[in-house]
Amino acid sequence: MNPVKLADGVYWVGAVDWNTRHFHGHTYSTHHGTTYNAYLIIDEKITLVDTVFPPFAEEMIGRMKQIVDLQKIDYVIANHVETDHSGSLPQIMRLASKAKLVCNIRCKEGLLRHYYADWDFHLVKTGDKINLGKKSLSFLEAPMLHWPDSMFTYIEEDQILLPNDAFGQHLASSERFDDQIDECLLMGEAIKYYANILMPFGSIVVKKIDEIQKSGWKVRMIGPSHGIIWRKNPQKILEAYLRWGKGEVQNRVMIAFDSMYGATEKMAKAISEGVKEEGIEFEIYKLSVSDRNDVITRLLEAKGILIGSATVDNDMLPDVLGFLGILKGLKPKNKIAGAFGSFGWSGGAVKNIENMLQEMKVEIFEPGISFKYVPTEEELKLCFEFGRRFAQRIKGASST
Ligand code: FEO
């Protein structure tokens, strides 16, 4: 694949990783691979914005060499420390030996703790500019989107925002732009990325987009560091991030559970019938056979969540515990929740699920429902009624 032109003198020179199926260790499933996007700007001063994951360094360098002699690079901008973007810096800084490394102070501290290199740092902060000749770059620090060092770079004359991880998707493709690929696939990966990486930072997301709008920057194109470049309608992803950041939810119920011998699953189905009886859409996920990241993606915009588990050793099953552990870190907003499950001896799972939900500060609808061993027909009717009451509560609550 050749470099791809975004505008006169602005090129994508990143790499496509078709094979990866896990990211951030094994905490993020990448069913469709990913890309590492780096951008080359040709002007009187030549600039590289970000690099790629180290195994792809040669691929990126090959693309860059089609455009420029790397010795002529004046600036290498590091928008973010994480290895998937900074990992090729040692190789690049050896080849671009005259280049200054442009980053903010937090990023410098992080880079030094990664590479222990004596690079010629040029520190920038929000509002700073670098003139490249015909083009100029502005910087906007974006701490916690998604690391403390994260920063956005903006090419003023081309109105191109390069926000690193924000607005990205883990999506490998032969194409580079949003008008070239299936929109459902693109938005599906964009929401998964938001839900699993940016959900805890919703209020920061909203403030940062507000800051961009107030800064007077016109955004004609957004080139994130993963996936597809937004050029057809960059407002679409900005508006989606605003909705997700504000925690807007739909009248939909997610039932996520695990069962040992099927009793808790019977309860889940009976509860779901009660939810449906009230005209509310539901989804059921058995956590031991589901992809956690996909479940979290669907949870982002669901107003109601019901968590179920059988009890083992006075606690919930491990897949439920793992799911709630991840969810706690993601700090879900605007949820109404409940718990259910069967037990054999003295119980414990439902109470512990409720405790974890309370720690997340989600609203508990009513005390959870639990039955000993296999629920009777009468007990399944109680589950049905539990589902109905839950759906009525969902209908009665506002959507945001
Ligand atoms: Fe925070 Fe794509 O690295």
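Only one entry of 149, 158, 118 meets the criterion of being charged (D, E, K, R), touching a residue at least 40 places away in the same chain (Cβ under 8 Å), more than 16 Å from the ligand (Cβ to nearest atom) and not in a helix (DSSP H, G or I), and that entry is 158.
Cβ separations smaller than 7 Å between residues 6+ apart or across chains give the following pairs from the range 69-86 residues that are touching a residue at least 24 places away in the same chain (Cβ under 8 Å) and polar (S, T, N, Q) to residues that are more than 16 Å from the ligand (Cβ to nearest atom) and open to solvent by less than 10 Å² (accessible area, probe 1.4 Å): 71/96.
Among the criteria (1) open to solvent by less than 30 Å² (accessible area, probe 1.4 Å); (2) under 26 Å from residue 123 (Cα atoms); (3) touching a residue at least 24 places away in the same chain (Cβ under 8 Å); (4) of a type outside the set (D, E, K, R), the one residue 171 does not fulfil is (2).
Of all residues in the range 137-162, those being closer than 18 Å to residue 99 by Cβ and polar (S, T, N, Q) number 1.
Answer yes or no: is there a residue in the range 350-367 that is more than 27 Å from residue 327 (Cα to Cα) and open to solvent by 80 Å² or more (accessible area, probe 1.4 Å). So far as the range 350-367 goes, no, none of its residues is more than 27 Å from residue 327 (Cα to Cα) and open to solvent by 80 Å² or more (accessible area, probe 1.4 Å). Selection of the range 68-85 for residues being open to solvent by less than 40 Å² (accessible area, probe 1.4 Å) and within 12 Å of the ligand (Cβ to nearest atom) yields 78, 79, 80, 81, 82, 84, 85.
Conditions (1) open to solvent by less than 70 Å² (accessible area, probe 1.4 Å); (2) within 23 Å of residue 176 (Cα to Cα); (3) within 15 Å of the ligand (Cβ to nearest atom), marked per residue:
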| site | (1), (2), (3) |
| --- | --- |
| 21 | no, yes, no |
| 30 | yes, yes, yes |
| 38 | yes, yes, yes |
| 48 | yes, yes, no |
| 93 | yes, no, no |
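Of all residues in the range 333-359, those that are in the same structural domain as residue 257 (by TED's automatic domain parsing) have Cβ atoms under 8 Å from Cβ atoms of residues that are aromatic (Phe, Trp, Tyr) and open to solvent by less than 10 Å² (accessible area, probe 1.4 Å), 6 or more apart or on another chain, in 336/390; 338/386; 338/390; 340/257; 340/386; 341/257; 350/340.
The values are calculated or read from the model by the stated rules, or taken from the named source; none is laboratory data. Not measured: the values here are computed from a predicted model. Here Cβ is always computed from backbone atoms with ideal geometry, including for glycine, and neighbour counts include all displayed protein chains. Protein only, heavy atoms only, side chains kept; ligands, DNA and RNA dropped before computing areas. Shrake-Rupley method; radii C 1.70, N 1.55, O 1.52, S 1.80 Å.
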